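First the structure, in the form of structure tokens, and then the observations on it.
The values are calculated or read from the model by the stated rules, or taken from the named source; none is laboratory data. None of these values were measured; they are calculated from a predicted model. Every residue, glycine as well, gets a Cβ built from its backbone with ideal geometry; the counts of neighbours run over all protein chains shown.
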Amino acid sequence: MEDSLGTKFLSKTEIIETSPLKEPYITCLYISAKWCPLCIPFTPILIDFYNEINIEEKLLEVIYISRDKTKDEFEDFYKEMPWLAFPYGDSRIKKLIEAHDVKGVPVLIVLKRNGEIACFNGRKDVMIEGYEAFGKWMNIVTGKKND
């Protein structure tokens with residue numbers, strides 16, 4: 001699964017090479033689109049969550065997987081996001097959507113460091129648990145039990 005993520009991602013300014021599954025990160029795949037009525041209100045919530053978790057040190061990486069219909073939609077929506085993205089139309093997108101059996105958007109998938117799914121319902125966790133969701137994910141990813 002880690003191989004399907006690859007190492008080349010779009011940052012805010014350029015294509016960069018990185019391995020997002022390394023420690024200390026929790027890595028999430030954010031599958032979303034500008035045309036989606038549920039994505040519009042969730043994206044700012046996720047941005048706040050991401051910024052709060054990373055306020056002192058980088059602990060959370062999010063990778064945007066676009067389901068936008070056009071490159072202009074992608075660029076317009078992505079410009080608001082502070083995290084990485086798969087370039088629009090990247091061949092990995094279709095493979096990841098199929099591998100994770102994604103049927104709709106928005107979806108926030110939390111990954112283990114080997115690329116396997118730790119949590120498919122990250123969006124629900126963020127909406128219900130707020131910042132405490134990150135601790136829950138960290139316990140799952142590191143194999144620790146919740147106290």
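Criterion first (out of contact with any strand residue (DSSP E or B) (no Cβ under 7 Å at 6 or more places or on another chain), of a type outside the set (Asp, Glu) and at pLDDT 95 or above) does Ala133 satisfy it? Yes: the conditions hold for Ala133. Yes or no: Arg113 closer than 20 Å to Tyr64 by Cα, part of a loop (DSSP other than H, G, I, E, B) and in contact (Cβ under 8 Å) with a residue 40 or more places away in the chain? Spelling it out, Arg113 is indeed closer than 20 Å to Tyr64 by Cα, part of a loop (DSSP other than H, G, I, E, B) and in contact (Cβ under 8 Å) with a residue 40 or more places away in the chain. Yes or no: Tyr25 within 13 Å of the chain's Cα centre (by Cα), under 23 Å from Ile140 (Cα atoms) and modelled with pLDDT under 95? It is true that Tyr25 is within 13 Å of the chain's Cα centre (by Cα), under 23 Å from Ile140 (Cα atoms) and modelled with pLDDT under 95.
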